[in-house]
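Heads up, the thing below is written out as structure tokens.
Laboratory data are not the source of any read-out in this text; all were calculated from the coordinates shown. Model, not experiment: these values are computed from the prediction. Virtual Cβ from ideal backbone geometry, glycine too; neighbours counted across all protein chains shown.
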Amino acid sequence: MFDHFIIYACIAAVCLSFSLAPIGCFLLWRRQAFFGDVMAHSAMLGVAISLIFGASSPLWGIILVCFMLSGLLAYGPRFFNLPSDTWLGLLSYTLMAIAFIVIRTLPRSQQNVEHFLFGDLLLLNKMDIVTLIVMILIVAFFFFFYWRKLILITLDPDWAHVEGISPSHMTFLFLVVLSCIVATTLPIVGALLVPGLLLLPGACAAQYAKSPEGMIKRAIFMALVMLFSGIGCGFLMDWPIGPASIITGFLLFIATRLAIYTHYK
């Protein structure tokens, strides 16, 4: 039984690394690091909606809310003539506030959402693993078919227009994929930790990457180090795996920065 839990946690760590890290790199390149945070906050509203309607799994409520948010994030700044970061902030805190109010209206027996805030890699089942594997396939196919367009709208949106690519439409598609990732990882990693796992691996890898492909490979490696360190801390010291992984990621980030500073000094 012990081996069963550890094996599932290790498989989940690999799946999360190969899906969260590449998407997180694009968020960093586009200076949209707050996107993951907004998605995680909105996902809590999806959890609340699922609890209200008595759904056996919060997944569908999270997907519904995240898909709606994708449209708002992709087209809202242009429609309301607002900077993207301002619009992100407005949506993030508003949706989190709505989620809090909705959860407070539920019976107390249903108000325990701590699992969705922090998650636990040691409580996975076969269906969770299948879901994570499907998530990797979605990310892989998305990058395979849209890699050039994603790079183009990231580096030069004006040239993307010349090429006949709509940055808004492509951003919407990118956010839909991000929504799927958030929806599947939130019960496992937690709403407070998804943004960290999206951004920390890429932030660590950015110091040494010389190409987009190189940065993604290094970010995946950093994510693997983070998550397997978290699993080790959970097994040896009974620490929560998600928070331990984030702390490891931050220490890796500090270490890479210090290494660069020492090298150039």
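What is the distance, in nm, between label points placed 7 Å from the Cα along the Cα-to-Cβ direction at Met237 and at Phe144?
4.1
Quick check on packing: order 42-54, 78-90 by the mean number of other C-beta atoms within 10 Å, highest mean leading.
Order by mean packing, descending: 42-54, 78-90.
Sticking with the crude label model, points 7 Å out along Cα→Cβ, report the distance from Ile101 to Gln207 in nm, one decimal please.
4.4
Order these by the 10 Å Cβ neighbour count, fewest first: Thr185, Thr105, Thr131.
Thr105, Thr131, Thr185
Each residue of the stretch 5-22 in turn: what ³J(HN,Hα) in whole Hz from Karplus with 6.51, -1.76, 1.60 and θ = phi - 60°, glycine and Pro shown as x?
Using θ = phi - 60°, the values come out as 5, 5, 4, 4, 5, 5, 4, 4, 4, 5, 4, 5, 5, 7, 10, 6, 4, x Hz.
By count of other Cβ within 10 Å, fewest leading, how are Cys204, Cys233 ordered?
Fewest-to-most ranking of Cys204, Cys233: Cys233, Cys204.
With a cut-off of 8 Å between alpha carbons and a minimum separation of six or more residues, what is the relative contact order of the chain in percent?
29
Going 7 Å from the Cα of Leu258 toward and past its Cβ, which residues in the stretch 220-252 have a backbone nitrogen under 12 Å from where you end up?
The answer is 251-252, whose backbone nitrogens lie closer than 12 Å to the label point.
Would you mind working out the magnitude of the charge dipole of the stretch 111-246 relative to its Cα centre, with +1 at each Lys and Arg C-beta and -1 at each Asp and Glu C-beta, to the nearest 20 Debye?
300
Mean residue ellipticity at 222 nm from the helices of the chain, using -39,500 (n - 2.57) per DSSP H segment of n ≥ 4 over the full residue count, to the nearest 500 deg cm²/dmol?
Rounded to the nearest 500, the figure is -28000 deg cm²/dmol.
Shape verdict for the stretch 161-246, please, from the Cα gyration tensor: rounded (a/c under 1.5), prolate (a/b greater than b/c) or oblate.
oblate
Collect residues whose amide H, placed 1.01 Å from N in the peptide plane, falls under 5 Å from the amide H of Ala206; neighbours closer than 5 in sequence don't count.
Amide H neighbours of Ala206, under 5 Å, 5+ apart: none.
Apply the Karplus parameterisation 6.51 cos²θ - 1.76 cosθ + 1.60, with θ equal to phi minus 60°, to every residue of the stretch 128-133 and state each ³J(HN,Hα) to the nearest whole Hz, in sequence, with x for glycine and proline.
Karplus-based 3J(HN,Hα) across the stretch 128-133 equals 4, 5, 4, 4, 5, 5 Hz.
Find which of Leu64, Ile220, Ile11 sits farthest along the positive direction of the dipole of the chain, computed with +1 on the beta-carbon of Lys and Arg, -1 on that of Asp and Glu, about the Cα centre.
Of Leu64, Ile220, Ile11, it is Ile220.
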